[in-house]
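Quick one: this structure, given as structure tokens, is what I'll be asking you about.
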Amino acid sequence: MEFTTLSNGVKMPMVGIGVYQVPDAAQCERAVLDAFRAGYRLVDTAEVYMNEEAIGIAIKKSGLKREDVFITSKIWISNFGYEKTKKAYEAALSRLDMEYMDLILLHQSLSDYYGAWKALEELYKEGKVRAIGVSNFYPERLTDLCMNAEIKPMINQIECHPFFQKETDLECAKHFGVKLEAWAPLAEAGREIFTNDVLTKIAANHEKTVAQVILRWNVQRGVVVIPKSVHRNRIEENINIFDFELSNDEMKQIATLDTGHTEIIDHYDWKTAKMLNEVKGRE
């Protein structure tokens, strides 16, 4: 495993397992246990994924020490605001059956995220969480928060893959000392990514799969990746990316694949903001 060091000195694994769209508790628990056996130590969940309880059970069944795993969750929009966010964090801890989290994120750049951020700053200063960050904050929102908050976010988790490379987001994050983390690092298998000519040729050069090349590409850019899978073979495949390196020429070839837009969810669309605000988090 390779690690990145957050602005406060906390070390975070560069590859983790995501559990978005795995609400079935037994399936989620099994996937996380398979991930632990394969060498993963980073697990990314969220309040609205409805599976925090399964993560806590998997950790206990794994036999791993709590300090040897890095657990992230996220607070949803409906629980933003100073008091509500503090309560939501404690509720998430209870569901995970833990005394602390390694990283907590604000899930979207909507609603009262300034009040919510104040709550996270206090939780951090009280030692109740090791690191704090945001998710889906585009450069202008991240800049505004970094320039007005007491403590800057340590992570910004965003969509990031070869078809939507987010170079501006990377530039902005580096400027403020924020690390990027990629959700949907495999583009949710969209645009026939696994049969793309450029990626398949590079994969053949290294005797690796296209998925491994994609994940390696982001890791070499300094971006943490959290590919989601419930299949043991893919879980094992996705972490097996530390025995090869992409050349500068290969990195440039992949750079040509950027379309500059999403085909998953457009956060600039007002209908998206409306839809996200209509979703309710957990009590």
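Taking segment 46-68, which residues are within 15 Å of the chain's Cα centre (by Cα) and not in a helix (DSSP H, G or I)?
Listed by number, the list holds a single entry, 46.
Which number in (1) polar (S, T, N, Q); (2) in contact with a strand residue (DSSP E or B) (Cβ under 8 Å, 6 or more places away or on another chain); (3) in contact (Cβ under 8 Å) with a residue 24 or more places away in the chain; (4) closer than 18 Å to residue 101 by Cα marks the one condition that residue 5 misses?
(3)
Just to be sure before I move on: is residue 153 in contact with a Gly (Cβ under 6 Å, 6 or more places away or on another chain) and open to solvent by less than 60 Å² (accessible area, probe 1.4 Å) in the structure I sent? Step through it out loud before you land on a result.
Values: in contact with a Gly (Cβ under 6 Å, 6 or more places away or on another chain): yes; open to solvent by less than 60 Å² (accessible area, probe 1.4 Å): yes.
The answer is yes for residue 153.
For segment 243-255, how many residues are touching a residue at least 12 places away in the same chain (Cβ under 8 Å) and open to solvent by 60 Å² or more (accessible area, probe 1.4 Å)? I'd like the intermediate steps shown before the answer.
Taking segment 243-255 and keeping what is touching a residue at least 12 places away in the same chain (Cβ under 8 Å), we get 244-246, 250-251, 253-255.
With the extra rule that they be open to solvent by 60 Å² or more (accessible area, probe 1.4 Å), the set shrinks to 245, 253.
Within segment 243-255, residues that are touching a residue at least 12 places away in the same chain (Cβ under 8 Å) and open to solvent by 60 Å² or more (accessible area, probe 1.4 Å) number 2.
In addition: Check off (1) part of a helix (DSSP H, G or I); (2) out of contact with any Asp or Glu (no Cβ under 6 Å at 6 or more places or on another chain) for residue 152 and give me the number that stays unchecked.
(1)
For segment 149-187, which positions are acidic (Asp, Glu) and within 14 Å of the chain's Cα centre (by Cα)? Steps first, answer last, please.
Within segment 149-187, the first condition is being acidic (Asp, Glu), and the residues that meet it are 150, 159, 167, 169, 171, 181.
Passing the criteria: 159, 181.
Which of the residues that make up segment 65-78 are closer than 21 Å to residue 6 by Cβ and open to solvent by less than 70 Å² (accessible area, probe 1.4 Å)? Reasoning before the result, please.
Within segment 65-78, the first condition is being closer than 21 Å to residue 6 by Cβ, and the residues that meet it are 65-75.
66, 69, 70, 71, 72, 73, 74, 75 - these are the residues of segment 65-78 that are closer than 21 Å to residue 6 by Cβ and open to solvent by less than 70 Å² (accessible area, probe 1.4 Å).
Give the number of residues within segment 79-137 that are more than 20 Å from the chain's Cα centre (by Cα), touching a residue at least 40 places away in the same chain (Cβ under 8 Å) and open to solvent by 40 Å² or more (accessible area, probe 1.4 Å).
Count: 2.
What is the residue count in segment 256-275 for residues that are part of a helix (DSSP H, G or I) and surrounded by fewer than 11 Cβ atoms within 10 Å (Cβ to Cβ)?
Within segment 256-275, the subset part of a helix (DSSP H, G or I) is 270-275.
Now drop any that are not surrounded by fewer than 11 Cβ atoms within 10 Å (Cβ to Cβ), which leaves 270-271, 274.
Within segment 256-275, residues that are part of a helix (DSSP H, G or I) and surrounded by fewer than 11 Cβ atoms within 10 Å (Cβ to Cβ) number 3.
The values are calculated or read from the model by the stated rules, or taken from the named source; none is laboratory data. Model, not experiment: these values are computed from the prediction. Cβ: placed from backbone, ideal geometry, glycine included. Neighbour counts: every protein chain shown. Ligands, DNA and RNA are stripped out before the accessible areas are found, and what is left, the full protein with its side chains, is counted by its heavy atoms. Shrake-Rupley method; radii C 1.70, N 1.55, O 1.52, S 1.80 Å.
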